[in-house]
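Following: one structure in structure tokens, then a few remarks.
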Amino acid sequence: MTVESTAARKTTRRSAAGKTGSTGSKAAGTTGTRRATAKKTTGGSEPELVQLLTPEGKRVKNAQYDPFVADITDDELRGLYRDMVLTRRFDAEATSLQRQGELGLWASLLGQEAAQIGSGRATREDDYVFPTYREHGVAWCRGVDPTNLLGMFRGVNNGGWDPNSNNFHLYTIVIGSQTLHATGYAMGVAKDGADSAVIAYFGDGASSQGDVAEAFTFSAVYNAPVVFFCQNNQWAISEPTEKQTRVPLYQRAQGFGFPGVRVDGNDVLGCLAVTKWALERARRGEGPTLVEAYTYRMGAHTTSDDPTRYRHDDERVAWEAKDPIARLRSYLESETDTNEGFFAELEAESEALGRRVREVVRAMPDPDHFAIFENVYADGHALVDEERAQFAAYQASFADVDAEEGEER
Amino acid sequence: MTTQTATSASISVPKNMALAKAINESLRKALEADPKVLVMGEDVGKLGGVFRVTDGLQKDFGEDRVIDTPLAESGIVGTAIGLALRGYRPVVEIQFDGFVFPAYDQIVTQLAKMHARSLGKVKLPVVVRIPYGGGIGAVEHHSESPESLFAHVAGLKVVSPSNASDAYWMMQQAIQSDDPVIFFEPKRRYWDKAEVNPDAIPGPLHRARVVREGTDLTLAAYGPMVKLCQEAADAAAEEGRSLEVLDLRSVSPLDFDTIQASVERTRRLIVVHEAPVFFGSGAEIAARITERCFYHLEAPVLRVGGYHAPYPPARLEEEYLPGLDRVLDAVDRSLAY
């Protein structure tokens, strides 16, 4: 769903008279077939989409962003491909594990691999990432063990990794909140005089949150080195993007005084280049940037969701033609000397990853009962101590019963 | 860090000062002692805050450390969380009690839980200063006492000083705490003076204190109501009644041991706070002290506080707020059992 499609249906709205745009055909982000003649009512310029790799796997020249991927090697391209394939495999395994009852819930990133791998690989080791709960691909790029992501979905913890080990913050479930944390962190980076950058992930749904607007305001006012990376996957559970905004999301940045750019979120090369550009702006002290990665949530919102209630298969089919992995494969096969062996090895590696994830999750123990009382406070709290002791006494009271029953037997 | 030359150092000898000034001195000392300490909020810079609590700090420590923020409370607390994750120790000011709710989500959902969610890996040393309570004839949303709404949330600590000396030291301790602390400042007592001794050795932050010993009944309060309870004890003394007064100082955690010890002596307890009685801190104290002191109590624990109604217009606040007569009326009722 696009903003333009809203305009197309609502004929009573005041529109930019006479201007029609074939937004669908050029912008890989639109579904194409249904709104090739959508009228544009945003009043601004037509949504421009940065794309370096077409859905068919053809490299497109782009004067502004080509320099950021100019020296990319074939090996690095294969690396991006491997990242996407393994991320997708991990994601599919997690979905299966949920179906098998090993996880309580899973939020699939299917379809968003390019947005996440492209942006994730653009970050430097000292950069800091603030994810939502769906950034499994970014976590992969940051070196977070994928099995660590599963603890919260299995219900053994509420965040199973040390954020400072990989500069990858905990998943944030209440949408948009983390954009403020990223902004504050970036303010701290600037105070320290470091040239690191910070990247905050959020989605089209979160773009409606006040916290996101406040993060835009604070980052602009303090010129904080932060990149706001919005994956517009067209759907916030059941609500299309047109229920969140009347302008293309990237254009919101202008009102806050910093640049916004829309990139084809299924183009890993485009996402890599645009994010590098934005991160380097941040490093140079030029402040925040909003990147809207125009993509599509191919799966359900989570394993608890049923998208058949609110969207049609034809939309998904249209987006399948723009698959991020398929297009890079086409490019690798036609423009590089990547051989069958590479794909075969990757397939084997994929299977091994799936197996490992399966085994680790199934072996993941339930937490100790007393974990309830752990880390509630850093400096301790009298009430927590008292309640822990009460809980211990209560638990211990069963030991006598058990012992008596043992004697009776 | 930017360098700054402080033109005036924090106090080094005991000095009589107003509660607001004591917090100012405490913030100054913290800013001097630790370059990671930041002060942020609306109007805290040039203006020095609407109550002048941060007066002069920006001049001496610069705009990088005493930060005027956009007028967005969620943004203030949310960015403070990010700064804390980066290793800073932000002290944020919420201008008035009634303005904290836009930040409530960041405080409750993010600030309070992040240490636990990280399995103890990250710490959130953020102090949220909130001038609170009524009695100053203010307009709507400027006189509320929302401390229970924060005390109910695990992960937060909630304190409220009643006098200048405690304000100074409790602020020092709150800033040193690795946990988020909601620091409720009794705005109607901002101008009350007391001696602050910068060389004193403070007691634990969350320990209650007996401010007046008595034998017939215990009055327990914190923040602005401690002074009222002392006045009530004075008045009761004229009638030959000996009231003990406790300054609880901390609402989370509550120092039940000190309350229990007092009640075991006096056998009667009245909790006084400005916040509505219903689900207020007095309710929790009553429940727990009843459990702990069931066989000592001569009367049920009574509570004096605000009503279950929106904080009224200023011309009605004297009727709404606990005053001397309402406290003494409760004393009569308790002693009648």
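Any read-out appearing in this document is the output of simple, stated calculations on the displayed coordinates, not a laboratory observation. Quick caveat: nothing in here was measured; it's all calculated off a predicted structure. Cβ coordinates were reconstructed from backbone atoms using ideal geometry, including for glycine residues, and neighbour counts include every protein chain displayed.
Residue count for segment A:134-168, restricted to those that are within 12 Å of chain B (Cβ to nearest Cβ) and part of a helix (DSSP H, G or I): 7. Only helices (runs of 4 or more DSSP H) whose full extent lies in segment A:275-391 are considered here, and the ones with at least 3 residues that are buried (at least 18 other Cβ atoms within 10 Å of the Cβ) and within 22 Å of the chain's Cα centre (by Cα) are A:324-335, A:340-363. Residues of segment A:171-181 that are in contact (Cβ under 8 Å) with a residue 24 or more places away in the chain and at the interface with another protein chain (Cβ under 7 Å from one of its Cβ atoms): A:Ser177, A:Leu180, A:His181. Within segment B:37-83, being in contact with a Ser or Thr (Cβ under 7 Å, 6 or more places away or on another chain), within 8 Å of chain A (Cβ to nearest Cβ) and not in a loop (DSSP other than H, G, I, E, B) holds for B:Gly75, B:Gly78, B:Thr79, B:Gly82.
Among the criteria (1) touching a residue at least 24 places away in the same chain (Cβ under 8 Å); (2) within 14 Å of chain A (Cβ to nearest Cβ); (3) more than 30 Å from B:Ser10 (Cα to Cα), the one B:Ser145 does not fulfil is (2).
Restricting attention to segment B:293-320, the residues that are more than 16 Å from B:Glu140 (Cβ to Cβ) and crowded, with 17+ Cβ neighbours inside 10 Å add up to 7. Number of residues in segment B:101-118 that are facing chain A (nearest Cβ under 7 Å) and either part of a loop (DSSP other than H, G, I, E, B) or free of Cβ contacts under 8 Å to residues at least 24 places away in the same chain (or both) equals 3. Checked against (1) touching a residue at least 24 places away in the same chain (Cβ under 8 Å); (2) surrounded by fewer than 18 Cβ atoms within 10 Å (Cβ to Cβ); (3) not aliphatic (A, V, I, L, M), B:Trp169 meets all criteria but (2).
Restricting to segment A:187-202, and then to whatever is small (Gly, Ala, Ser) and either outside any helix (DSSP H, G or I) or facing chain B (nearest Cβ under 7 Å) (or both), can you tell me which residue is surrounded by the fewest Cβ atoms within 10 Å (Cβ to Cβ)? Filtering first and then ranking leaves A:Gly193. Selection over segment A:57-97 of residues that are among the basic types (Lys, Arg) and either touching a Gly at 6+ places or on another chain (Cβ under 7 Å) or under 17 Å from A:Pro146 (Cα atoms) (or both) gives a count of 3. Scanning segment B:176-206 for residues that are closer than 22 Å to B:Gly133 by Cβ, within 14 Å of another protein chain (Cβ to nearest Cβ) and either touching a Cys at 6+ places or on another chain (Cβ under 8 Å) or not in a strand (DSSP E or B) (or both) yields B:Pro180, B:Leu205, B:His206. Residues in segment A:137-150 include at least one that is charged (D, E, K, R) and over 15 Å from the mean Cα position of the chain (by Cα). Going by the structure shown, is A:Gly184 surrounded by 20 or more Cβ atoms within 10 Å (Cβ to Cβ), assigned to a loop (DSSP other than H, G, I, E, B) and either free of Cβ contacts under 8 Å to residues at least 40 places away in the same chain or within 8 Å of another protein chain (Cβ to nearest Cβ) (or both)? For A:Gly184, the condition - surrounded by 20 or more Cβ atoms within 10 Å (Cβ to Cβ), assigned to a loop (DSSP other than H, G, I, E, B) and either free of Cβ contacts under 8 Å to residues at least 40 places away in the same chain or within 8 Å of another protein chain (Cβ to nearest Cβ) (or both) - is not met. Note on segment B:84-100: residues that are within 8 Å of chain A (Cβ to nearest Cβ) and more than 22 Å from B:Met170 (Cα to Cα) total 2. Among residues of segment B:119-142 being under 30 Å from B:Gly323 (Cβ atoms) and of a type in the set (Val, Ile, Thr), the one that is nearest to the other protein chains (Cβ to nearest Cβ) is B:Val128. Within segment A:207-248, the set of residues being of a type in the set (A, V, I, L, M) and buried (at least 23 other Cβ atoms within 10 Å of the Cβ) comprises A:Val212, A:Ala215, A:Ala224, A:Val226, A:Val227. Can you name every residue in segment B:283-303 that is farther than 18 Å from A:Gln390 by Cβ and assigned to a loop (DSSP other than H, G, I, E, B)? Those that are farther than 18 Å from A:Gln390 by Cβ and assigned to a loop (DSSP other than H, G, I, E, B): B:Tyr295, B:His296, B:Leu297, B:Glu298, B:Ala299, B:Pro300, B:Val301.
Could we say that A:Glu102 is crowded, with 22+ Cβ neighbours inside 10 Å and among the acidic types (Asp, Glu) here? It is false that A:Glu102 is crowded, with 22+ Cβ neighbours inside 10 Å and among the acidic types (Asp, Glu).
Beta carbons closer than 6 Å, at least 6 apart along the sequence or on distinct chains, pair a first residue in segment A:208-236 that is at the interface with chain B (Cβ under 9 Å from one of its Cβ atoms) with a second that is aliphatic (A, V, I, L, M) and in a loop (DSSP other than H, G, I, E, B) for A:Glu214/B:Ala72. Name the residues in segment A:372-387 that are more than 8 Å from chain B (Cβ to nearest Cβ) and of a type in the set (Gly, Ala, Ser), would you? Answer for segment A:372-387, where residues must be more than 8 Å from chain B (Cβ to nearest Cβ) and of a type in the set (Gly, Ala, Ser): just A:Gly380. The residues of segment A:203-234 that are over 16 Å from A:Ser177 (Cβ atoms), under 13 Å from the mean Cα position of the chain (by Cα) and assigned to a strand (DSSP E or B), listed by number, are A:Gln231, A:Asn232.
Quick check on segment B:15-38. Is at least one of its residues within 30 Å of A:Phe130 (Cα to Cα) and free of Cβ contacts under 8 Å to residues at least 24 places away in the same chain? The answer is no, given that none of the residues of segment B:15-38 is within 30 Å of A:Phe130 (Cα to Cα) and free of Cβ contacts under 8 Å to residues at least 24 places away in the same chain.
Scanning for something in contact with a Gly (Cβ under 6 Å, 6 or more places away or on another chain) and assigned to a helix (DSSP H, G or I), does segment B:229-243 turn up at least one residue? Checked segment B:229-243: no residue is in contact with a Gly (Cβ under 6 Å, 6 or more places away or on another chain) and assigned to a helix (DSSP H, G or I). Scanning segment B:48-65 for residues that are within 17 Å of B:Ile130 (Cα to Cα) and hydrophobic (A, V, I, L, M, F, W, C) turns up B:Val50, B:Phe51, B:Val53. Here B:Leu269 does not fit the description of being in contact (Cβ under 8 Å) with a residue 24 or more places away in the chain and surrounded by fewer than 21 Cβ atoms within 10 Å (Cβ to Cβ).
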